[in-house]
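Asks: Sharing a structure, written as structure tokens. Questions coming.
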Amino acid sequence: MQLNITTDYAVRSVLYLATIGRMAAAPEIAERMHIPRQYLTTMARRLKDAGLIRAQGGKCGGYMLARPPEAITLLDVIRATEGTMNLNRCLEHDKYCSRFATEDCPVREVYTDLQEMVENYLGGVTMADLKNKLIK
């Protein structure tokens, strides 16, 4: 499993906003986090739609967190940008299996356990936690 570049940029952007604690213009975020500016706008829309950041237009506009850093997890950011986080197709809502064996498949059981561990771990890491690691 590999997270896409959009997710990497999203994590960097949200962490930057958590670290500075204020609104930041797109050019500032793009420069500081080494993100192509046009990509930032597209990625920020996903974060905004997920309720993680707010956007303000105009001369003094920019982006800021919509919630405190303690209330935004790594899982929140990943879910906002990845099409799916599931390790295998059989873990999707429709439980698709080409063998029609999702309910009694021992491999799916392992995937389900691993999926739960990954989501629990990522859901337990907040932007405040990451921010605190930067400060040390």
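The values are calculated or read from the model by the stated rules, or taken from the named source; none is laboratory data. Since the structure is predicted, the reported quantities are computational estimates derived from the model, not experimental observations. So basically every Cβ, Gly included, is an ideal-geometry build from the backbone, and we count neighbours across all protein chains shown.
Asks: Six or more apart or on different chains, Cβ atoms under 8 Å: show the pairs whose first residue is in the range 116-127 and free of Cβ contacts under 8 Å to residues at least 60 places away in the same chain and whose second is among the β-branched types (Val, Ile, Thr) and in a helix (DSSP H, G or I).
Replies: 122/78
Asks: Turning to a different aspect of this structure: Mind checking which residues of the range 49-71 are under 13 Å from residue 126 (Cα atoms) and of a type outside the set (A, V, I, L, M)?
Replies: Within the range 49-71, 67, 68, 69, 70 qualify.
Asks: Would you point out which residue out of 32, 37 is under 19 Å from residue 134 (Cβ atoms) and over 14 Å from the mean Cα position of the chain (by Cα)?
Replies: Sole residue among the options that is under 19 Å from residue 134 (Cβ atoms) and over 14 Å from the mean Cα position of the chain (by Cα): 32.
Asks: Give the number of residues within the range 14-33 that are touching a strand residue (DSSP E or B) at 6+ places or on another chain (Cβ under 7 Å) and closer than 18 Å to residue 59 by Cα.
Replies: Total meeting the criteria: 6.
Asks: Yes or no: the range 80-91 includes at least one residue that is in contact with a strand residue (DSSP E or B) (Cβ under 7 Å, 6 or more places away or on another chain), among the β-branched types (Val, Ile, Thr) and buried (at least 17 other Cβ atoms within 10 Å of the Cβ).
Replies: no
Asks: Tally time: how many residues in the range 10-49 are under 17 Å from residue 77 (Cα atoms) and either free of Cβ contacts under 8 Å to residues at least 40 places away in the same chain or basic (Lys, Arg) (or both)?
Replies: 16
Asks: Separate question: Could you name every one of the helices (runs of 4 or more DSSP H) located completely within the range 21-136 that has at least 1 residues being of a type in the set (D, E, K, R), at pLDDT 85 or above and touching a Pro at 6+ places or on another chain (Cβ under 9 Å)?
Replies: Hits in the range 21-136: 37-49, 127-135.
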